[in-house]
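The values are calculated or read from the model by the stated rules, or taken from the named source; none is laboratory data. The model shown is predicted, which means the values in this text are computed figures rather than measured ones. Every residue, glycine among them, receives a Cβ derived from its backbone with ideal geometry; neighbour counts consider all protein chains shown. Accessible surface is based on the protein model in full, side chains and every heavy atom, while ligands, DNA and RNA are left aside. Shrake-Rupley method; radii C 1.70, N 1.55, O 1.52, S 1.80 Å.
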Amino acid sequence: MMNKKKYAAMGAAVLLASMSLAGCGSNGNNAPNDTASTNNATNNAGNNAATTNDSTNANAGSTNAGATTDTPKLTGDFEVQYFVGGYGDKWWTKVIADFQAANPDLHVKALGGPKINEQNKPRWIGGNPPDFVYIDGPELNDRQMVEDGQLEDLTDWIKDAKNVDGDKILDMLAQQPQQFDGKIYNIPLVLNSWGIFWNKALFKEKGWQEPQDFQQFLDVSDKIKAAGTTPFIHTGKYPYYINGAFLYPAIVSANNGDYKVLQDMAANKVEAFESEAVKTALGKIVTLRDKGFIDKASIQINHTDSQMLFLQNKDAFIPNGLWLPNEMSKDIPQGFDFGFIPSITQDAGQKIVANTSTATVAIAKNAKNKDAAHAFLQFVFSKAQASQWAELSGAPSNIKGDISASNAPSFVKDAAKYLTDPNTIVIPTITFNADVDKAMQDATDALTIGKIDPAGWVKRVTDVVKKVAK
């Protein structure tokens, strides 16, 4: 999936619109897709003829309910950049084809693929970017893009913007857009949760208890290890997985359920990184390490390798995002039954902490066709497209909705229950400075293999925080 530099969260209403789910990364997103599909960067969306459904077949600038017909036609070229990772590209192919069909005088160019962010980086740096961008995958960081002046300020536009059905977009979002110094530049399209996975079938066969808190996790991990299975594996090449699914929830739990500590960390406040909550959370990683629960192969492998070992029942638990089953759909053994909980680092009696990840969409500040870009935003945030996203990507949309009666997999419905439960602490979206984020990832890797202790983690990271905060 992706470079989930949005380790954070989902707003209270969370998760899932109509959908059937799937990530990474990781934002995500989600994790880097080492075996991803071919780059279709030059494909014209019009070549992907797809039947539009009734609610998306109107001109993107108008509405279906009481729509007027005097909306100017969209013309010219319109470029859409999207990263292809664990969510695949079926939805992007479909939605772009739908939008093209609704706007036949527009020339839509699809720029997509697993390496599209890297390929288009010179264009962004040179001030000649595509009009519309899906911010997911490596090489893209929303905060950095805002700081570099690459994204259009949507603050005034989004206040009253309506989708193609006439619904106010902000009212439909499960998670509201993140603000940067009080301004909005990007809107969450995907809503996903980090968490801990296991194989329910294996646990039932072995009589292992599914954990609901950290002590239960340690207790069952002792039994798992004694049975000859390694309890825990993570993605050492992409440590944002273990940070997002294990460390950050642990920090919030250790801070009495208050996620403001993470917000202070994102604001580069040194004292937040030096807090007892951070030290306590890091201590839980040390506990896993010292008990021999962490697979020694973790440090050197990527997401797909760690996921394969998990699917082969070589490792009982894996920190990951809800995109995992979709990303590995071709490799899931028969009878494998995904268990999921947003966090296992809380103490007995504490609330579960859901650290959600989002992938957002935005308009380039230097976009050449901003009319088409705004219309495309109105188009993608419809209930019909939210449903199509869920069905085609296997991931939850950021449009509010009830999926209990949907065809979503059981683990997705489990996730939805957690995320809509008032006893779950749901962290709002938080984005760290890119350099600080990298420092935390590297420090966590070093901590898992005993190169440093929690104090060393804090020093490594705060040294970088002090530099970027100047």
Which of the aspartates and glutamates could a cross-linker bridge to K162, judged by Cα under 19 Å and excluding same-chain residues fewer than eight apart? D54, D70, D98, E152, D153, D171, D371
Report, ordered by chain and residue number, the lysines lying within cross-link reach of K451, taken as a straight Cα distance under 22 Å and ignoring same-chain residues fewer than 8 apart. K237, K279, K284, K291, K296, K438, K459
Carbon and sulfur together cover what percent of the accessible area of the stretch 285-409 at a 1.4 Å probe radius? 44
Residues meeting the amide H criterion for A316 (H placed from the backbone, H to H distance under 5 Å, 5 or more places apart or on another chain) are T230, F232
Distance in nm between label sites at E210 and D171, each 7 Å beyond Cα in the beta-carbon direction? 3.7
Mind listing the long-range amide H neighbours of A364? Cut-off is under 5 Å, sequence gap 5 or more, other chains count too, H placed in the peptide plane at 1.01 Å from N. F132, V133, E152
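Given axes a ≥ b ≥ c from the Cα gyration tensor, I'd like to know whether the stretch 346-470 is rounded (a/c under 1.5), prolate (a/b larger than b/c) or oblate.
Values: a/c = 2.85, a/b = 1.33, b/c = 2.15.
Oblate.
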Reachable lysines from K413, Cα under 20 Å, same-chain residues fewer than 8 places away excluded? K200, K204, K351, K383, K400
Residue by residue through the stretch 270-279, the couplings from Karplus 6.51 cos²θ - 1.76 cosθ + 1.60 with θ = phi - 60°, in Hz, x for Gly and Pro, are 4, 4, 5, 5, 8, 5, 5, 4, 5, 5
Zone residues, the stretch 307-331, relative to K225, backbone N less than 18 Å from point 7 Å out along Cα-to-Cβ: 314-319
For the stretch 165-299, what is the accessible area per residue in Å², given a 1.4 Å probe and the full set of protein chains? 37
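Between K330 and E139, what FRET efficiency follows from the Cβ-Cβ distance if R0 is 25 Å, with the result rounded to 0.05?
Working: r = 26 Å, r/R0 = 1.05.
So, using R0 = 25 Å, E works out to roughly 0.45.
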Amide H neighbours of F180 at under 5 Å, excluding residues fewer than 5 places away on the same chain, with H built from the backbone geometry, are Y185
Summarise the accessible area of the stretch 123-207 (1.4 Å probe, protein heavy atoms) by the percent that is carbon and sulfur. 42
Accessible surface, the stretch 305-372, averaged per residue in Å² (probe 1.4 Å): 35
Quick calc, K291 & D156: beta-carbon distance into FRET formula, R0 51 Å, rounding 0.05, result 0.40
Evaluate the distance, in nm, between pseudo-label points positioned 7 Å from the Cα of K351 and of K459 along their respective Cα→Cβ axes. 3.7
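Please sort by residue number the chymotrypsin sites (Phe, Trp or Tyr not before Pro) in the stretch 404-470 whose DSSP state is loop and whose Cβ has at most 12 other Cβ atoms within 10 Å.
Working: sites: F411, Y418, F432, W457; in loops: F432.
Here no chymotrypsin sites (Phe, Trp or Tyr not before Pro) fit, given the DSSP loop and packing criteria.
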